[in-house]
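Written out below as structure tokens is the structure these notes cover.
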Amino acid sequence: MIPIQSEGLPPENVVPPHDVQHYMRAGTLQLPTLPPLSLYVHLPWCLKKCPYCDFNSHELRAQDVPEQAYVDALMADLEAALPLIWGRSVQTVFIGGGTPSLFSPQAIDQLIGGIRARLKLAANAEITLEANPGTFEKNRFKAFRAAGVTRLSVGVQSFDDRLLQALGRVHDCPQAMAALEEAAQVFDTFNLDLMYALPGQSLHALRADLATALSFQPPHLSIYHLTIEPNTLFAKFPPPSVDDDLAADMLDAITQTVAGAGLARYEVSAFARTGHPCGHNRNYWQFGDYLGLGAGAHSKLSFAHRVVRQVRLRDPARYLAQAKQGQAVAQEWDVKRADLAFEFMLNALRLVDGFALNLFSERTGLPLSAIETALQTAQQKGLITLEGALVRPTALGFDWLNDLQALFLPADAV
């Protein structure tokens, strides 16, 4: 028996699989080309659920993770989805969670091998694995590299043990530093994940975290403001919050300090050295396609006349049972024509370099007239610049990103 409890979770219905012709039927959109395709694989287990986490993750001891059964289910899920992406090359693979590094290197090797056997991966495809320092063991990262992982994303969040405890993390500062030392030795590129505006965090403490992080010379640094998400422990029992002025001072310190260390900001929360931006996330931000496999994984897939979103079954036990029958999809819908502009802008306006106007039409199948009025309003408010065919958020646009994105909501949603 697989030791997973599904009590308390809402019931999930399975969407009957459709023939590929269902997706190719006539519709209201005209996509001239299909966007780049990525693959996301969700491994939903972790040692402990963090109180701020709203991802589909489930606590389970490492020795109880049903590795073989889950890899088999993922491969069955992939095979059922193949007709929807037939002939398309996969540019990036991201293995997220949960805590994917709970899985053994042997299981990750089998997973990547199974993906390669069923999909056409681009030459030098970026294959990222999320890792938690609390699951770090000497030479474990080297084994992940040997399995085919090309990029590691290490979820440090902070080097301050007091703040780590407040965040419910299972690792401490020495474990984080040991994991980063190993990542730097084993991988040509890796990501270091930090958070700021943490409960009780001072500007001095943030600067200390930044100094420690930068001492490892990370090729990529992601820094996220702690947000209180619905249906989390922090939403039920809110921790002490950092006031807006201090949070703004923290962000200023981050941008100044990180820029001085040679990492350029290329997205709202992402900084990278030349040649090291995250290709997988960049595909999301440019409204590319992605097939999501695993419990609770999301997909966005484009066809000639429509853009389709899917969600897999969230409950791991149900996913394991249904995926092996090729019936892992719980929800599926065509993105409404009226919603496409907002969905595109929700992603593309996060990028420092913005986007070319022709990309909007290529990825949504809509004419530029669909966003003309909103672009003019954003420009008049100083939230974007329009340089020829390039749209770029200004510094003010980044500060008021939610308001900028909201300008592109459909009229009936405002």
How high is the relative contact order of the chain, in percent, counting Cα pairs under 8 Å that sit 6 or more residues apart? 21
For the SER89, ALA261 Cβ pair and Förster radius 60 Å, calculated FRET efficiency rounded to 0.05 is 0.95
With both partners inside the chain, how many of the DSSP beta bridges are antiparallel, as a percent to the nearest 5? 40
Would you mind counting up the charge near TYR284? Only other residues with Cβ under 14 Å from its Cβ, with Lys and Arg at +1 and Asp and Glu at -1. +1
Row for segment 211-306, column shape: gyration tensor on C-alpha, a ≥ b ≥ c, rounded if a/c < 1.5 i.e. under 1.5, prolate if a/b over b/c, else oblate; value oblate
How much length is gained on full extension from TRP333 to VAL20, taking 0.36 nm per residue of separation minus their Cα-Cα distance? 111.2 nm
Express in nm, to one decimal, how much length is gained between ASP64 and GLU229 on full extension, taking 0.36 nm for each residue of separation and deducting their alpha carbon distance. 56.6 nm
Go ahead and estimate [θ] at 222 nm for the chain from helices alone: -39,500 (n - 2.57) per DSSP H run with n ≥ 4, summed, over the residue count, rounded to 500. -10500 deg cm²/dmol
Extended-chain gain in nm, criterion 0.36 nm per residue less alpha-carbon gap, LEU386 and ASP244: 48.1 nm
Whole-Å distance linking the alpha carbon centroid of segment 224-245 with that of segment 316-360 is 26
How would you classify segment 359-414 from its alpha-carbon gyration tensor, with a ≥ b ≥ c the square roots of the eigenvalues: rounded for a/c under 1.5, else prolate if a/b is greater than b/c, otherwise oblate? oblate
With each label point set 7 Å from Cα along the Cα-Cβ vector, what nm distance links PHE237 and ALA304? 5.7
Would you tally the net charge around HIS220, using a Cβ to Cβ cut-off of less than 9 Å, leaving HIS220 out, and scoring K and R as +1, D and E as -1? +2
Free-by-geometry Cys in the chain, Cβ-Cβ under 4.7 Å as pairing rule, reported as CYS46, CYS173, CYS278
Counting each pair of different Cα atoms once, what's the Kirkwood radius of the chain in Å, rounded to one decimal? 22.5
Could you give the dipole magnitude of the chain about its Cα centre, charging the beta-carbon of Lys and Arg +1 and that of Asp and Glu -1, in debye to the nearest 20? 920
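Each value in this text was obtained by applying a stated rule to the coordinates, not by laboratory testing. Fair warning: this is a prediction, and the values are worked out from it, not measured in the lab. As a convention, Cβ positions derive from the backbone with ideal geometry for all residues, glycine included, and neighbour counts pool all protein chains shown.
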